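In what follows, a single structure is set out as structure tokens and then discussed.
The values are calculated or read from the model by the stated rules, or taken from the named source; none is laboratory data. Remember, it's a predicted structure, so these values are computed and weren't measured experimentally. When we count neighbours, we look across all protein chains shown, and the Cβ atoms used for this are built from the backbone with ideal geometry, even at glycine.
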2 protein chains.
Amino acid sequence: MRLTRIGNWEYLRFNHKFKSLLEGTVSLDDTVIWGYPKIGRILQLDTGIAAQFEQPFWVEEKIDGYNVRIFRHHDEILALTRRGYICPFTTDRVSDFINTAFFEARPDLVLCVEVAGPENPYNEGSPPFIGEDVRFFVFDIMRQGQPGFLPHQEKRQLLETYGLPNVALFGKYQIRDGKALRDLMLQLDDEGREGIVMKEDSAQEKRVKYVTGRINVRDIQVSERGIQQLPAEYVMHRILRLVLFMEENDIAPTPALYQELGESLIAGTLDAIRQCREQHKVFRRYRCRFRQRANAELMMRSLRRLLGKGQVRQRRLSEEGGFAVLEFEKVLPRTTGLFQHLLTGGIVFD
Amino acid sequence: MRLTRIGNWEYLRFNHKFKSLLEGTVSLDDTVIWGYPKIGRILQLDTGIAAQFEQPFWVEEKIDGYNVRIFRHHDEILALTRRGYICPFTTDRVSDFINTAFFEARPDLVLCVEVAGPENPYNEGSPPFIGEDVRFFVFDIMRQGQPGFLPHQEKRQLLETYGLPNVALFGKYQIRDGKALRDLMLQLDDEGREGIVMKEDSAQEKRVKYVTGRINVRDIQVSERGIQQLPAEYVMHRILRLVLFMEENDIAPTPALYQELGESLIAGTLDAIRQCREQHKVFRRYRCRFRQRANAELMMRSLRRLLGKGQVRQRRLSEEGGFAVLEFEKVLPRTTGLFQHLLTGGIVFD
């Protein structure tokens, strides 16, 4: 448990799972916001739904963004990242996307939201249907001070009543609907979308995720300079997911796919090496739009505190179309350290 | 330290480094054979030789095989693997490649040998210039009961006197000879050879290895079905080595290279998944030629003991051109376990 301070907020944050308290659980004055549980992944659809579900399940779109929990605390509406940090960017933008009448009526509830789009401070990838900025997609509702989620119908009702933006709902499926789900996945794959989350329509809150084939190649592509910074399993698992998806759906690999994968791996590494040779560090650039300039400044302070002072570099903060647009760079520390060592003739044992 | 029994041999084997005793050190009756030390790797040639060496250094070819130490014990000549197991295959074949008069004259010495070729029981890759069977390449000489190596000239003298097969010697280079070494590396790269080991011509036994770019793609290709079995770093490090080699030598990546890399990763994984679906296990096949049928049988017993009974499967053992030809398969246990779990709809958290 860590005392965490971001701007004027000071609170306790569980940085590890502790008994039933999930990682990312936060205690702020008398408010406790439960961590968002990890969702397991299947890599085969037909056998996966048969093995994982006992009842019919709802199928919702899985959005390629970052997971936040949004809640009301006194007079403020705050957004917590998965690990339980208050995010100045997401908090700044809540009122652009979420009808705050929801929290006036139901201050006891917590919205679980995927924030996605090209202009965000965390993710490299973003859904192909978001051309700029970000969008919010509610996918679950929790209660303050409690684990677990509102039942599906109650959630849908609230989303509708308050006109909250939400993930696409593809409907309710049975365990025998593997074929229909595979058709849905092939369509999402064609459209470059990430995949689905399946939620059993029962009291046990069983959830399982499953992604399309192409998103795995895209995940590797968008890593760009960061490819050698990721855990090594990142790439190998995605290749495995891709191949299992293709094999189950009888899609033969093509030379174009091979080339695309090979290029992502080589070009990202080469780009990082060149930057390290020229600038002695490897950076990734981010850009995001704030309503309040003060929140952009808080975002920078917060990132510096979290990642280390020399690891974040502000490139620009200026007004543009009603926004304070922040551009900054994060150093990729492992890549930078390893590449500097190697470029100066350092030795490795393996 | 482990008591190790292979056939009629029983001995102590250091399965971890212990003080100055390297991993793979072996104590057999009154004979101690020192472990072969790990050699560090540079990934940049020009800065690497400047950073690592203080004196001129000998440059020898690095052969893509497995490392054994060959020594005389009473009336037998035995071969130890890197980890200190007596290898029935290598032991069986010593007299085909090594003039045993060497050990009659110098029973106190240990030959450090790379065994390489398509028909070997351990490695997937092999040098392009070995079309069948294996070959032995002496690259160092140690003394029984002592760490360290004979000096370069003494080694060369013995190799010549006894006509021992050895790795190519490319000559003595200075720290300022980066350009000449890069030309040598480009030639080895063209020929599909692995690289070089540089050995400082001084008392401190400083050694450094450096490999060509293409060998990294080849390493991934030859992994075939085993690609998901390897440590995840295996692939990412090889991509890094490849890209650093290309960048230092101003070689631009081509679509053909991208395609080759992408295909190796995808095709190997797909092949392993298909085999697991059909046979419920993922196997790799090996073939090697023995002089004595009893040694082939001992090899199988020894592999079963080392890897586990169900993990090795003999496919064939028959006479062919004066050899007892053994074909066997090893199960890839991690890949098999993971793929079985996933194919039957199992869930993973990541």
Quiz item: Among the residues of region B:43-57, how many are closer than 13 Å to B:ARG182 by Cα, at the interface with chain A (Cβ under 7 Å from one of its Cβ atoms) and in contact (Cβ under 8 Å) with a residue 40 or more places away in the chain?
Solution: 3
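Condition first: in contact with an Asp or Glu (Cβ under 6 Å, 6 or more places away or on another chain) and surrounded by fewer than 18 Cβ atoms within 10 Å (Cβ to Cβ). Now tell me which residues in region B:153-186 satisfy that. Reasoning before the result, please.
In the first step, residues of region B:153-186 are kept if they are in contact with an Asp or Glu (Cβ under 6 Å, 6 or more places away or on another chain); the result is B:167-169, B:178.
Hits for region B:153-186 are B:ALA168, B:LEU169.
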Quiz item: Do the conditions hold for B:LYS206, that is, is it under 30 Å from B:PRO88 (Cα atoms) and touching a strand residue (DSSP E or B) at 6+ places or on another chain (Cβ under 6 Å)?
Solution: no
Quiz item: Is region B:179-194 home to any residue that is part of a helix (DSSP H, G or I), among the polar types (S, T, N, Q) and over 30 Å from B:CYS276 (Cβ atoms)?
Solution: yes
Exercise. Can you confirm whether region A:218-225 contains a residue that is away from every other protein chain (no Cβ under 11 Å) and without any contact (Cβ under 8 Å) to a residue 60 or more places away in the chain?
Key: yes
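Got a sec? Which of B:LEU342, B:LEU306, B:LEU332 is touching a residue at least 60 places away in the same chain (Cβ under 8 Å), within 14 Å of another protein chain (Cβ to nearest Cβ) and either crowded, with 17+ Cβ neighbours inside 10 Å or not charged (D, E, K, R) (or both)? Explain how you work it out, then say what you get.
On the way: B:LEU342 fails: touching a residue at least 60 places away in the same chain (Cβ under 8 Å); B:LEU306 fails: within 14 Å of another protein chain (Cβ to nearest Cβ).
Matching residue, one of B:LEU342, B:LEU306, B:LEU332: B:LEU332.
Please determine whether any residue of region A:168-179 is in contact with a Gly (Cβ under 7 Å, 6 or more places away or on another chain) and either within 20 Å of A:GLN55 (Cβ to Cβ) or not acidic (Asp, Glu) (or both).
As a first pass, look at region A:168-179 and keep what is in contact with a Gly (Cβ under 7 Å, 6 or more places away or on another chain): none.
No, because not a single residue in region A:168-179 is in contact with a Gly (Cβ under 7 Å, 6 or more places away or on another chain) and either within 20 Å of A:GLN55 (Cβ to Cβ) or not acidic (Asp, Glu) (or both).
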Exercise. Considering every residue within region B:110-117, establish whether at least one is within 24 Å of B:VAL211 (Cα to Cα), in contact with a strand residue (DSSP E or B) (Cβ under 8 Å, 6 or more places away or on another chain), surrounded by 16 or more Cβ atoms within 10 Å (Cβ to Cβ) and free of Cβ contacts under 8 Å to residues at least 24 places away in the same chain.
Key: no
Quiz item: Restricted to region A:276-316, and to residues that are under 22 Å from the mean Cα position of the chain (by Cα) and of a type in the set (A, V, I, L, M), which residue is nearest to A:ASN8 (Cα to Cα)?
Solution: A:LEU298
Quiz item: Can you pull out the residues in region B:245-279 that are surrounded by fewer than 23 Cβ atoms within 10 Å (Cβ to Cβ), farther than 21 Å from A:MET236 by Cα and either touching a residue at least 40 places away in the same chain (Cβ under 8 Å) or of a type in the set (Asp, Glu) (or both)?
Solution: B:GLU247, B:GLU248, B:ASN249, B:ASP250, B:GLU278
Quiz item: Among the residues of region A:310-324, which ones are assigned to a strand (DSSP E or B) and surrounded by fewer than 19 Cβ atoms within 10 Å (Cβ to Cβ)?
Solution: A:ARG313, A:GLN314, A:ARG315, A:ARG316, A:LEU317, A:SER318, A:GLU319, A:GLU320
Exercise. Evaluate region A:89-97: report whether one residue or more is farther than 30 Å from A:LEU3 by Cβ, modelled with pLDDT of 95 or more and in a helix (DSSP H, G or I).
Key: yes
Quiz item: Based on what the data block shows, is B:LEU158 among the aliphatic types (A, V, I, L, M), touching a helix residue (DSSP H, G or I) at 6+ places or on another chain (Cβ under 8 Å), facing chain A (nearest Cβ under 8 Å) and in a helix (DSSP H, G or I)?
Solution: no
Exercise. Tell me which of these B:THR81 doesn't satisfy, since it passes every other one: (1) within 14 Å of chain A (Cβ to nearest Cβ); (2) within 30 Å of B:ILE239 (Cβ to Cβ).
Key: (1)
Self-check item: Residues that are under 13 Å from B:PRO121 (Cα atoms) and of a type outside the set (Phe, Trp, Tyr), drawn from region B:271-294
Solution: B:ARG284, B:ARG285, B:ARG287, B:CYS288, B:ARG289
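In region A:285-300, how many residues are part of a helix (DSSP H, G or I) and either under 21 Å from A:SER223 (Cβ atoms) or without any contact (Cβ under 8 Å) to a residue 40 or more places away in the chain (or both)? Steps first, please.
At the first step, the residues of region A:285-300 found to be part of a helix (DSSP H, G or I) are A:293-300.
Now restrict to residues that are either under 21 Å from A:SER223 (Cβ atoms) or without any contact (Cβ under 8 Å) to a residue 40 or more places away in the chain (or both): A:293-294, A:297, A:300.
Here the count works out to 4.
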Self-check item: Among residues of region A:201-213, those that are more than 13 Å from every other protein chain (Cβ to nearest Cβ) and either modelled with pLDDT of 95 or more or buried (at least 18 other Cβ atoms within 10 Å of the Cβ) (or both), counted
Solution: 1
Exercise. Count, please, the residues in region A:28-42 that happen to be within 14 Å of chain B (Cβ to nearest Cβ), more than 27 Å from A:GLU119 (Cβ to Cβ) and hydrophobic (A, V, I, L, M, F, W, C).
Key: 1
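Among the candidates B:LEU261, B:LEU230, B:LEU270, single out the residue that is part of a helix (DSSP H, G or I), within 24 Å of the chain's Cα centre (by Cα), within 13 Å of chain A (Cβ to nearest Cβ) and more than 21 Å from B:TRP58 (Cα to Cα). Break it down stepwise before answering.
On the way: B:LEU230 fails: part of a helix (DSSP H, G or I); B:LEU270 fails: within 24 Å of the chain's Cα centre (by Cα).
After ruling out the rest, the residue left standing is B:LEU261.
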